[in-house]
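Comments concern the structure below.
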Amino acid sequence: MTVEITKENFESVVLKNELPVLVDFWATWCGPCKMIGPIIEELSDELEGKVVFGKLNVDLQPELAMEFHVMSIPTLILFKNGEIANKKIGFMPKEKLVEMLGL
């Protein structure tokens, strides 16, 4: 299950989480975002308890998108211990996503 990320819960869900957190910066009108969405949902079920998967709608949370310099979507940012550990832009297959997580 993915978590909806907002400016209200960003600190508690992403920055203060003991688990790695992958944040998917996306929008409803984005074709590649719609393609990667089901892969992220699948991984969130498979890796429950190991990685937290969050979805951040850039149209609803523009401040966070700007703060992390998100210019293209989907942008995937992996946070570990409150720090950016990895960042990828664009669609990628499931294998590449798992590779990005470093598991």
Scanning region 32-60 residue by residue, the ones that are in contact with a Pro (Cβ under 8 Å, 6 or more places away or on another chain), among the hydrophobic types (A, V, I, L, M, F, W, C) and in a helix (DSSP H, G or I) total 3
Looking at region 69-98, which of its residues are polar (S, T, N, Q) and either assigned to a strand (DSSP E or B) or surrounded by 19 or more Cβ atoms within 10 Å (Cβ to Cβ) (or both)? T75, N86
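Each row is one residue, and each column tells you yes or no for (1) touching a strand residue (DSSP E or B) at 6+ places or on another chain (Cβ under 9 Å); (2) more than 21 Å from P93 (Cβ to Cβ).
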residue	(1), (2)
T6	yes, yes
F10	yes, yes
E42	no, no
E46	no, no
G49	no, yes
V58	yes, yes
P62	no, yes
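Taking the conditions exactly as written (part of a helix (DSSP H, G or I), free of Cβ contacts under 8 Å to residues at least 60 places away in the same chain and within 22 Å of M1 (Cβ to Cβ)), does M66 satisfy them or not?
Working: part of a helix (DSSP H, G or I): yes; free of Cβ contacts under 8 Å to residues at least 60 places away in the same chain: yes; within 22 Å of M1 (Cβ to Cβ): no.
Answer is no for this residue.
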Please work out which residue is farthest from the chain's Cα centre (by Cα), limiting yourself to region 47-103 and to residues that are closer than 16 Å to L15 by Cβ and among the basic types (K, R). K80
Out of all the residues in region 7-31, which are surrounded by 15 or more Cβ atoms within 10 Å (Cβ to Cβ), assigned to a loop (DSSP other than H, G, I, E, B) and free of Cβ contacts under 8 Å to residues at least 60 places away in the same chain? A27, C30
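Here, each number is a calculation from the coordinates, and none is a lab measurement. Every value quoted in this text rests on a predicted model; they were computed, and no experiment measured them. Cβ sites come from the backbone with ideal geometry, for glycine too, and all protein chains shown count toward neighbours.
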